[in-house]
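Below: the structure, in structure tokens.
The values are calculated or read from the model by the stated rules, or taken from the named source; none is laboratory data. Nothing here was measured: the structure is a model prediction, and the numbers come from that model. Counting neighbours? That spans all protein chains shown, and the Cβs are built from the backbone with ideal geometry, glycine included.
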Amino acid sequence: MLKGIDHRLNADVLGALRAMGHGDYVVVVDTNFPADSIARGTVTGRLLRMENLSAAQAVQAILTVLPLDTFVPDFAGRMQVVGEPDTVPEVQAEVQAEVDRAEGMPRALPGIERFAFYDLAKGAYAVIQTGERRFYGCIMLRKGVIGPEV
């Protein structure tokens, strides 16, 4: 345990989040996502796990240390429901609430078509699989910057 670090963040996840640069992104995925096979092609080259957490709990913990990009509209994203791109399932609404809380204002998560999300995940810095069993618990988070202290 470390002071000031959310206990839900394990060493592998912390290491990846720390190593990421501005504009790099991580995908946080549910238990049904083909996480292991896709993770092999990412920068980290292996699957990271937060498997005892829901999608919202994992995102909440990640956002305690990861600033979201404020310069681009795709600061984050959610996998769209197949055939219902405007539907926001409960699991995604919970993640949206965590993003809004971390940002201090509402920033709607853009939808990403399912297969486009798979393609996007292949270019991620890392794939983090949660214990989320509800469908469409798949989120992308793009790293922003921490400015100098004034």
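Some points to look at:
- All of (1) part of a loop (DSSP other than H, G, I, E, B); (2) buried (at least 20 other Cβ atoms within 10 Å of the Cβ) hold for Val28 with one exception: (1).
- Members of the range 50-83 found to be of a type in the set (Val, Ile, Thr) and in a loop (DSSP other than H, G, I, E, B), listed by number: Thr64, Val65, Thr70, Val72, Val82
- Single residue of the range 93-150 satisfying the filter (outside any loop (DSSP other than H, G, I, E, B) and hydroxyl-bearing (Ser, Thr, Tyr)) that is surrounded by the fewest Cβ atoms within 10 Å (Cβ to Cβ): Tyr118
- Checking Val72, Val59, Val65, Val82 one by one, the residue that is among the β-branched types (Val, Ile, Thr) and out of contact with any helix residue (DSSP H, G or I) (no Cβ under 7 Å at 6 or more places or on another chain) is Val72 and no other.
- The range 1-19: number of residues that are assigned to a loop (DSSP other than H, G, I, E, B) and either more than 14 Å from Ile128 (Cα to Cα) or modelled with pLDDT under 95 (or both): 7
- Of all residues making up the range 85-107, the number that are over 21 Å from Tyr25 (Cα atoms) and touching a helix residue (DSSP H, G or I) at 6+ places or on another chain (Cβ under 8 Å): 1
- Residues satisfying the stated conditions in the range 29-65, i.e. hydrophobic (A, V, I, L, M, F, W, C) and free of Cβ contacts under 8 Å to residues at least 60 places away in the same chain: Ala56, Ala61
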